[in-house]
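Undergrad: If you scroll down you'll find the structure; I have some questions about it.
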Amino acid sequence: MTEHGTGPRDRAAQQADGATGRAGVRQDNGAQVKTGKDNGGVPEAGIPELVIISGMSGAGRSTAAKCLEDLGWFVVDNLPPALIPTMVELGARSQGNVARIAVVVDVRGRRFFDNLRESLADLDARGVTRRTVFLESSDDALVRRFESVRRPHPLQGDGRIVDGIAAERELLRELRGDADLVIDTSGLNVHELRAKMHAQFAGEEEPELRATVMSFGFKYGLPVDADLVVDMRFLPNPHWIPELRPYTGLNEEVASYVFNQPGAKEFLDRYAELLRMVATGYRREGKRYVTIAVGCTGGKHRSVAMSEKLAARLAAEGVETVVVHRDMGRE
């Protein structure tokens with residue numbers, strides 16, 4: 001995948017002139033810029049919302065950025081991290097015309113990338129509401145993408161593509177760990193990634209917490225974007241019941257079989273209670289997204305049934321919830 005977007009110098013010039021570009025307009029976003037030396041004498045105004053898009057080269061950063069641009073965000077591609085606070089300041093000067101800014105930060109910045117930590121600390125000191133979206137992908141998927149476009153990895157130098165990928169993973173390790181939302185694009189096409197971004201950012205009002213409950217099969221590997229993982233293999237497998245084998249956990253008879261097993265209902269009650277406590281902590285810490293992975297052997301019966309019930313419990317607690325059955329239908 002290739003990157004796109006207007007250069008940061010051009011975008012900054014547009015902002016200084018008061019141009020709105022393709023940005024959306026939202027007059028009231030709650031936060032305020034304080035006058036004084038800390039902000040260079042900027043008049044009191046709404047601080048723009050900020051999303052930082054980063055991740056592995058080839059994982060779909062440009063697609064994610066384009067989706068936000070289509071949703072009305074002001075997008076700046078490959079902006080040196082040291083200039084992010086300046087970009088936010090320019091947005092604050094726009095008197096509400098630029099209420100949402102998305103910045104793509106990646107290893108193409110090289111020597112500038114080390115300044116990211118200082119820039120984020122500066123934003124926190126200014127009271128800027130920011131979120132970080134990290135695009136992840138497997139090594140195999142990234143190699144295929146680079147080979148398909150016949151381009152070198154930006155960090156591979158004289159080595160192989162896998163060498164560049166390994167170097168980039170190490171460089172981005174800390175940023176990935178601090179990300180608010182991690183999206184694994186290994187098995188996604190462009191349209192599916194756009195749908196995920198649209199689901200997270202298209203709403204008029206930002207919910208306190210969004211949860212994705214994902215069923216999966218252990219034999220296909222752990223979801224790399226999971227925040228929490230639970231294992232349903234302690235329950236008997238409907239696969240070994242001939243009349244249930246062809247169906248999935250969405251089937252009422254399969255679900256009844258799963259929840260009539262010893263420990264199934266107790267697990268649901270106790271884990272839902274645990275998630276209630278975790279959700280409270282996430283809200284307190286400002287974490288807006290969580291992915292809960294529920295696994296069984298093949299991702300067809302037990303994990304699917306449990307995911308549906310957990311999602312219903314979360315929704316009842318006021319958590320905006322999406323259910324994804326990653327491996328259902330693979331057999």
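Undergrad: In this structure, is SER57 modelled with pLDDT under 90 and either touching a helix residue (DSSP H, G or I) at 6+ places or on another chain (Cβ under 7 Å) or not basic (Lys, Arg) (or both)? Give the derivation first.
TA: Numbers: modelled with pLDDT under 90: no; either touching a helix residue (DSSP H, G or I) at 6+ places or on another chain (Cβ under 7 Å) or not basic (Lys, Arg) (or both): yes.
Here the answer is no, as SER57 does not meet what is asked.
Undergrad: If you scan segment 169-184, which residues turn out to be under 10 Å from the mean Cα position of the chain (by Cα) and farther than 17 Å from ASP139 by Cβ?
TA: Answer for segment 169-184, where residues must be under 10 Å from the mean Cα position of the chain (by Cα) and farther than 17 Å from ASP139 by Cβ: ALA179, ASP180, LEU181.
Undergrad: Need pairs with beta-carbon distance below 6 Å; first residue buried (at least 24 other Cβ atoms within 10 Å of the Cβ) and within segment 64-84, second assigned to a loop (DSSP other than H, G, I, E, B) and among the aliphatic types (A, V, I, L, M); sequence gap 6+ or separate chains.
TA: Listed pairs, sorted by first residue: PHE74/ALA23; PHE74/VAL98.
Undergrad: Being more than 19 Å from the chain's Cα centre (by Cα), buried (at least 18 other Cβ atoms within 10 Å of the Cβ), over 17 Å from ASP180 (Cβ atoms) and modelled with pLDDT under 50 is true for just one of VAL33, VAL25. Which residue is that?
TA: Checking each option against the conditions leaves just VAL33.
Undergrad: Mind checking which residues of segment 185-223 are surrounded by 14 or more Cβ atoms within 10 Å (Cβ to Cβ), within 16 Å of ALA141 (Cβ to Cβ) and in contact (Cβ under 8 Å) with a residue 40 or more places away in the chain?
TA: THR185, SER186, LEU188, VAL190, LEU193, TYR220, PRO223
Undergrad: What's the number of the condition ASP38 fails, among (1) at pLDDT 85 or above; (2) closer than 18 Å to THR129 by Cβ; (3) not in a loop (DSSP other than H, G, I, E, B)?
TA: (1)
Undergrad: Check segment 93-109 and report whether any residue there is farther than 23 Å from GLU136 by Cα, open to solvent by less than 10 Å² (accessible area, probe 1.4 Å) and hydrophobic (A, V, I, L, M, F, W, C).
TA: Within segment 93-109, one or more residues are farther than 23 Å from GLU136 by Cα, open to solvent by less than 10 Å² (accessible area, probe 1.4 Å) and hydrophobic (A, V, I, L, M, F, W, C).
The values are calculated or read from the model by the stated rules, or taken from the named source; none is laboratory data. None of these values were measured; they are calculated from a predicted model. Ideal geometry is used to build each Cβ from the backbone, glycine not excepted, and the neighbour counts take in all protein chains shown. Ligands, DNA and RNA are stripped out before the accessible areas are found, and what is left, the full protein with its side chains, is counted by its heavy atoms. Shrake-Rupley method; radii C 1.70, N 1.55, O 1.52, S 1.80 Å.
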